[in-house]
Amino acid sequence: MIAVRSGGMITILSALVSVLSFRFRSRPSLELELVALRHQLIVLRRQRPRRLRLHSADRLLWVCLYRVWPRVLGALVLVKPATVVKWHRQGFRIYWRWRSRCPGRPKTSAEIRALIRQMSRANPLWGAPRIHGELLKLGIDVSQATVGRHLPRRPKAPSPTWRSFLRNHMTVIAAVDMFMVATVTFKLLYAVIVLSHHRRRVIHFEVTQNPTQAWLARQITEAFPWDTAPRYLLRDRDTSYGICFQNRTRAMGIEEVLTAPRSPWQNPYVERIVGSIRRDCLDHVIIFNETHLRRVLSCYFRERNASVAK
């Protein structure tokens, strides 16, 4: 280390002596010497020697020359000009790090850090602003940023999947839909079914030739006693569900959820029930009248609900 320092001082002193000697020399001699030095550097660079070992004094000298005369970068051969600029920036950072060596903020005591963690664990819903306010009430003067920095890390609560979300809300959702059945005399009968999403049970059905608003409203009343009405009722935009039907559901505390126009897939459970009724039952039976259709559907739903309950 002592040898390196002595070598660096010798380099600086020799440079100062060279600068002083330049004052007493003629300009042609200086130019010739400069040509000779540049030629030697070119030869040295052409031979491509191993990587040169540079001392701190060498770097300091070139940086000082760059500060005094920035055009010195054009005369450098042993190192790239960008290297000298990088050394200058590193020296600038070291200088200001030395100038800014103040102690900074006082460290938060271990008791306050433990108190912040204890309050956070005891009150999981409290964030940094709430805990900061409580600490100020206790006379502990710390910033909100300090409180947030010492809060314990908590893993985020996993978000439930859509399957879990729908399963948790199935008990408060019901669906209603109507379908047509042609009799042996080509008359059209209308059947309405009310399906509970929980266990997908058909809790009510009825048959008529004229599905009026009052008749549909009465079916909702018969399907749900006043203390068992669901929270939501999913249906399509059929005009048969008129003002009378809407007033009845509103009076029972049921919120209607309407599907988009021509979007039966938005009410999939009841649409699948209607398809199963046609494929498994009505496609194999000729219906004579309302009584016959009511009897057939009653037998079908009895068997189906029994299989669902197992």
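Within segment 150-180, the set of residues being among the basic types (Lys, Arg) and exposed (fewer than 13 other Cβ atoms within 10 Å of the Cβ) comprises 153, 154, 156, 163.
Okay, residues lined up against (1) touching a residue at least 60 places away in the same chain (Cβ under 8 Å); (2) loosely packed, with under 10 Cβ neighbours inside 10 Å; (3) in the same structural domain as residue 61 (by TED's automatic domain parsing):
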{"site": "87", "(1), (2), (3)": "no, no, yes"}
{"site": "115", "(1), (2), (3)": "no, no, no"}
{"site": "126", "(1), (2), (3)": "no, no, no"}
{"site": "137", "(1), (2), (3)": "no, yes, no"}
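Look at segment 277-287 and say how many of its residues are loosely packed, with under 14 Cβ neighbours inside 10 Å and in contact (Cβ under 8 Å) with a residue 24 or more places away in the chain. The total comes to 2.
Among the residues of segment 214-242, those that are within 41 Å of the chain's Cα centre (by Cα) and not in a loop (DSSP other than H, G, I, E, B) comprise 232, 233, 234, 235. For segment 219-255, a tally of residues being surrounded by fewer than 18 Cβ atoms within 10 Å (Cβ to Cβ) and either in contact with a His (Cβ under 9 Å, 6 or more places away or on another chain) or without any contact (Cβ under 8 Å) to a residue 24 or more places away in the chain (or both) returns 10.
Tallying residues that are hydrophobic (A, V, I, L, M, F, W, C), modelled with pLDDT under 90 and under 19 Å from residue 156 (Cα atoms) within segment 97-127 yields 3. Taken over segment 187-202, the criterion of being crowded, with 19+ Cβ neighbours inside 10 Å and under 12 Å from residue 171 (Cβ atoms) is satisfied by 196, 197.
The values are calculated or read from the model by the stated rules, or taken from the named source; none is laboratory data. Keep in mind it's a predicted model, so treat the numbers as computed, not measured. Backbone-built Cβ (ideal geometry, glycine too); neighbour counts: all protein chains shown.
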